[in-house]
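**Student:** Mind having a look at this structure? Questions to follow.
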Amino acid sequence: MKTLLYISAFAILLGSCKKDADGFEANTGSYDHSQSVGNSANDLLSAKTYQSLTVEILYMPGFALNSSTATHLTNFLNARLNKPGGVNIQSREISATSTSVLSITQVRDLETTNRKAFSDKTNMAVTILITNGTYTESQVLGVAYRNTSAALFGKLIHDNSGGVGQPSRSTLEASVLEHEVAHLLG
C-alpha cells in the first residue's frame, strides 16, 4: 500500500511540473538571478565560488513547509552539494495573493516583491515561493522558473495530499520541492 502511494505521488509529480524563465528586473547584488533554469547548476553544486547556500522559503499564510519537509530538503541538498559552509534554510511568511490562479508572470512578480536573499561573494541564494493558489495549468504542482527560483502551488499540493488514497502532505510537498530544486541543479 505504501509503495502504491509513492508511485502515485511520483506519477502526479512527473505530470505536474513546468520549467520557465525570463528576465528579473529587480536584481540585487552582482549575481544574475534572471538566467534560465539550470544555468546556475555549477554554482549551486560546487564550492569553487560559493561555499554556502541560503534557501529562502517564502510562504503564504497556511502554506508553511512541514518541518519534516524542511529537514528533507536540507538532507537532499547536503547529500548533493559541495558547500563546506553549509546549507541554511530561512522561512518567512509573506502576504497571501487574492488571485486564486497564478500565471508565471504573477509568480515572478511575487518573488520580485518579496525576495530578500541574494547571492554574495561566498554564499549562493535560492528562493522557493509557496503560494496559496494554483497555476494556470491546473495540474502543475510546482515550477522552476529562473536559475535560482522555484514555486510550489500550495493549494494544489494540499488538495492532492492527506486524504484517503493520497500521499501524506509532507511526502507530496517533499517530492515536489525536491523535483523543482533538481531542475535548478541542472
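Read the figures in this text as sums done on the coordinates, not as results from a lab. Computed from a predicted structure; not experimentally measured. Please note: Cβ atoms are built from the backbone with ideal geometry, for glycine as well, and neighbour counts cover all protein chains shown.
**Student:** At a Förster radius of 25 Å, what calculated FRET efficiency corresponds to the Cβ-Cβ distance of Ser138 and Ser98, to the nearest 0.05? Present the calculation step by step, with values, prior to reporting the outcome.
**Tutor:** Working: r = 19 Å, r/R0 = 0.75.
That gives a FRET efficiency of 0.85.
**Student:** Please compute the modelled spin-label separation between Asn78 and Ala182, points set 7 Å along Cα→Cβ, answer in nm with one decimal.
**Tutor:** Distance between label points: 2.1 nm.
**Student:** Quickly rank 43-54, 139-150 as a protection proxy: mean count of other C-beta atoms within 10 Å, highest first.
**Tutor:** Values: 43-54: 17.4, 139-150: 24.9.
Ranking the peptides 43-54, 139-150 by packing returns 139-150, 43-54.
**Student:** Another question, then. Which of the peptides 77-83, 122-128 is most tightly packed, and how do the rest follow, judged by the mean count of other Cβ atoms within 10 Å per residue?
**Tutor:** On the way: 77-83: 14.9, 122-128: 21.6.
Listed from highest to lowest mean packing, they are 122-128, 77-83.
**Student:** Moving on to the next point. How long is the gain from Asn88 to Ala64 if the chain were fully straight, where each residue apart is worth 0.36 nm and the alpha carbon distance is subtracted?
**Tutor:** Numbers: separation 24, 0.36 × 24 = 8.64 nm, distance 1.65 nm.
Contour length minus Cα-Cα distance gives 7.0 nm.
**Student:** Distance in nm between label sites at Thr105 and Ala47, each 7 Å beyond Cα in the beta-carbon direction?
**Tutor:** A separation of 4.4 nm, rounded to one decimal place.
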